[in-house]
Amino acid sequence: MAIEKRSDYPSEWATFAAVAKLFGMSPETLRTWVRRDQIDTGTRARGEGSTPRERDSEGRLKFLRDRPRRSNEEVVRYIDARRDRWGVEPICRALQFAPATYYAQKTRPESAQTTI
């Protein structure tokens, strides 16, 4: 219904808002359903409306996917290598790694066990 009514409204979002109101749902819920239907029926490319995990099947998060969990030290080294370009917080968000953990690891004194 939302797709058929598209020409009656000035924007796609206006269409979703009006049709969603008829069904008593949020426009974002309707938009998500329409996107999924478009992907399933092949009228929309997967990369245009897929989840981040589907879009990034070989990309930036490959670092985290080759084993269950990286040590904090490894993640901190990974962030340090890229923080000048992207910044710490955006990288932490993409890696689902708490910025507080990053900063704590950077300020924590080296363990006596690692210096031996």
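The values are calculated or read from the model by the stated rules, or taken from the named source; none is laboratory data. None of the values given here were measured: they were computed from a predicted structure. Cβ placement follows ideal geometry from the backbone for every residue including glycine, while neighbour counts extend to all protein chains displayed.
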**Message:** I'd like to know if the stretch 34-55 contains one or more residues that are under 30 Å from Lys106 (Cα atoms) and either modelled with pLDDT under 70 or of a type in the set (Ser, Thr, Tyr) (or both).
**Reply:** yes
**Complete:** Arg65: passes all of (1) out of contact with any helix residue (DSSP H, G or I) (no Cβ under 9 Å at 6 or more places or on another chain); (2) assigned by TED's automatic domain parsing to the domain that holds Pro109; (3) at pLDDT 65 or above but (3)
**Asked** Do the conditions hold for Val76, that is, is it modelled with pLDDT under 90 and of a type in the set (Val, Ile, Thr)?
**Response** no
**Message:** I'd like to verify a number: residues in the stretch 89-116 that are modelled with pLDDT of 85 or more and over 16 Å from the mean Cα position of the chain (by Cα), how many?
**Reply:** 9
**Request:** Test Glu4 against the stated conditions and say whether it is at pLDDT below 70, among the charged types (D, E, K, R) and exposed (fewer than 11 other Cβ atoms within 10 Å of the Cβ).
**Result:** yes
**Fill in**
Out of (1) in a helix (DSSP H, G or I); (2) modelled with pLDDT under 70, the one Arg31 does not meet is (2)
